[in-house]
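Quick notes on the structure that follows.
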Amino acid sequence: MSEAVIEKVDNDGMVQLTINRPKALNALNSEVLAALEAHLVELEAHPHLRGVVITGAGEKSFVAGADITEMRDKTPEEARAFASQALRTIKRLETLPVPVVALVNGFCLGGGCELALACDWAVASDNAVFGQPEVQLGVIPGFGGTQRLPRRVGPAMAIDLATTGRKIDAQEALRIGLVNRVMPQAELEGYVEELTNQLKGNGPQAVRSAKQAVHDGLDQDLNSALALETSLFALCFAGGEQKEGMSAFVEKRKARF
Ligand code: CAA
C-alpha cells in the first residue's frame, strides 16, 4: 500500500494512521486521499477494531490543508471530483463503528481541520494552529467544513472562521469546543495512549453502540433519537458483555471483556 499513509496496528485492534507527507506539511493531495481511503476500506472489514488514531508525520503539522499546488489549475469539474473524493474518504473515517481520535500535532488548517472535525475526539498539542483559511485563497472549505464546523462550534463561530480565514491557537480551539484536550507536544502521545487504553478497557460493543447512538441520533428528531437509544440499550442485554460487566461490579473485580 502507498507510503502516503502509514498504518500501525497494535495487538488489541487500536489502529494508528499517519498521513505521511511531512515535506508538504501533510497536505492532502489525491494520492494521500486514495491511500487513506484504501486503509479505511480495510479497517471497515477489521473484525476486532477497537479504535482509530489519526495523525500527521513530523512535529510541525497534522494536516496543513488540501494540496494547493494540485488544486491551482483545476477546472470546476476537476475541483468537484477532488472534493467528492475527499468527502467520501472523510465520511468513511467519520462512520467507522469505533471511536476515532485526531492527534493534532501542529498545523490543522483547511482540509486538515475538516478531517479533524470528522473525528470523535481531537487532542491537540499546545502549539497547534487551527483555521479555515480557504477564503484567503479565493475558495471556500470544500471538504465538509461549512457543514461540520457549525455543528461542532455553532454557526456564529463557524461563519467567523470561514469568512475571515483567521487562524486560532489551541487554547481558543479548546474554548470554542473544536478540540477536547490541549497539552504540551511531548505529552500528546502518552495522553492518547492513556485514552485508547481507557477505551480498550470498556465493553467493545457498548463503546460502538454509544458512538452509534450519538451519531445516528443527531440526524433525527429527539423522540426518534431517544427511541433509538432505548433499542441500543436493550440490545446491550442480548450479549455477554453486559452480564460480564455487571457481574464484575457485583463481584468486586475488574471486568474481562
Ligand atoms: N498545499 C500544498 N503545499 C503546502 C500546503 C498546502 N496546503 N501547506 C504547506 N505546503 C508546503 C509549502 O508549499 C512548503 O513547500 P516547499 O518547501 O516546497 O516550499 C512546505 O509545505 C512548508 O510550508 P511553509 O514553508 O509555508 O511553512 P511555514 O512554516 O512557513 O508555514 C503554514 C506554514 C502557515 C501552514 C503555510 O504553509 C500555509 O499557510 N499553508 C497553507 C495553509 C492553507 O491555506 N490551507 C488550506 C488549503 S485549501 C483547502 O484545504 C481547501 C479545502 O477545504 C478543500
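Excluding ligands, DNA and RNA, what is the solvent-accessible area per residue of the chain at a probe of 1.4 Å, expressed in Å²? Kindly include the intermediate steps, with their values, before the conclusion.
Values: 13210 Å² over 257 residues.
Accessible surface, normalised per residue, equals 51 Å².
Within a Cβ distance under 12 Å of His48, other residues only, what is the Lys/Arg minus Asp/Glu net charge?
On the way: positive: Arg50, Lys200, Arg208; negative: Asp10, Asp12.
Once positives and negatives cancel, what remains is +1.
Let me have the relative contact order for region 6-199, percent, based on Cα pairs under 8 Å that are six or more residues apart.
On the way: 381 pairs, mean separation 36.8, N = 194.
Relative contact order, region 6-199: 19 percent.
Tell me, what ³J(HN,Hα) does each residue in region 92-107 have, in order and in whole Hz, if you take phi through Karplus 6.51 cos²θ - 1.76 cosθ + 1.60 with θ = phi - 60° and put x for Gly and Pro?
4, 5, 4, 9, 4, x, 10, x, 10, 10, 8, 9, 8, 9, x, 4
Can you find, among Leu28, His39, Gln16, the residue farthest towards the positive end of the dipole of region 1-44? Put +1 on the C-beta of Lys and Arg, -1 on that of Asp and Glu.
Highest projection toward the positive end goes to Leu28.
Just to compare against my own numbers: the Cα pair-distance distribution for region 161-236, 5 Å bins, whole % per bin, please.
3, 12, 14, 14, 15, 16, 14, 9, 3, 0
I need the phi-derived Karplus couplings for region 66-76: 6.51 cos²θ - 1.76 cosθ + 1.60, θ = phi - 60°, integer Hz, Gly and Pro marked x.
5, 6, 5, 4, 5, 6, 3, 9, 6, 7, x
Once you sort the root eigenvalues of the Cα gyration tensor of region 6-199 as a ≥ b ≥ c, which label holds: rounded (a/c under 1.5), prolate (a/b larger than b/c) or oblate (the other case)?
Values: a/c = 1.64, a/b = 1.21, b/c = 1.36.
Taking the square roots of the gyration eigenvalues as a ≥ b ≥ c, region 6-199 is oblate.
Using a 1.4 Å probe on the protein heavy atoms, what percent of the accessible area of the chain belongs to carbon and sulfur? Before the final figure, lay out each step's value.
On the way: 7450 of 13210 Å².
Accessible surface attributable to carbon and sulfur in the chain totals 56 percent.
Before anything else, pin down the relative contact order of region 202-251: Cα pairs under 8 Å, at least 6 apart, normalised by residue count, whole percent. Please list the in-between numbers first.
Details: 21 pairs, mean separation 19.6, N = 50.
Result for region 202-251 is 39 percent.
Quick one, what does Rg over Rh come out to for region 101-149 if you take C-alpha atoms and the Kirkwood Rh? Working shown, then result.
Details: Rg = 10.6 Å, Rh = 10.9 Å.
Computed over Cα atoms, the ratio is 0.97.
What net charge do the residues around Gly58 carry, taking every other residue with its C-beta under 10 Å from that of Gly58, with Lys and Arg at +1 and Asp and Glu at -1? Spell out each step's value before the answer.
Details: positive: Arg21, Lys23, Lys60; negative: Glu59.
Net charge around Gly58: +2.
Kirkwood Rh, Cα Rg: Rg to Rh for region 202-251?
Values: Rg = 12.3 Å, Rh = 11.6 Å.
My calculation of the ratio gives 1.06.
List the residues, sorted by chain then number, that are 5 or more residues from Ala255 or on another chain and whose placed amide H is less than 5 Å from its amide H.
Under 5 Å from the amide H of Ala255: no residue qualifies.
Subtracting the Cα-Cα distance from 0.36 nm times the residue separation, let me have the gained length for Leu228 to Glu70 in nm, one decimal.
Working: separation 158, 0.36 × 158 = 56.88 nm, distance 4.31 nm.
Taking 0.36 nm per residue and subtracting the Cα distance, the gain is 52.6 nm.
What does DSSP give for the chain in terms of the percent of beta bridges that are antiparallel, rounded to the nearest 5? Mind showing how you got there, number by number?
Working: 7 of 30 bridges.
Antiparallel: roughly 25 percent of the beta bridges in the chain.
The values are calculated or read from the model by the stated rules, or taken from the named source; none is laboratory data. Given the structure is predicted, the values throughout are model-derived calculations rather than measurements. Neighbour counts run over all protein chains shown; Cβ positions are idealised from the backbone, glycine included. Please note that ligands, DNA and RNA were not included when accessible areas were found on the heavy atoms of the full protein model with its side chains. Shrake-Rupley method; radii C 1.70, N 1.55, O 1.52, S 1.80 Å.
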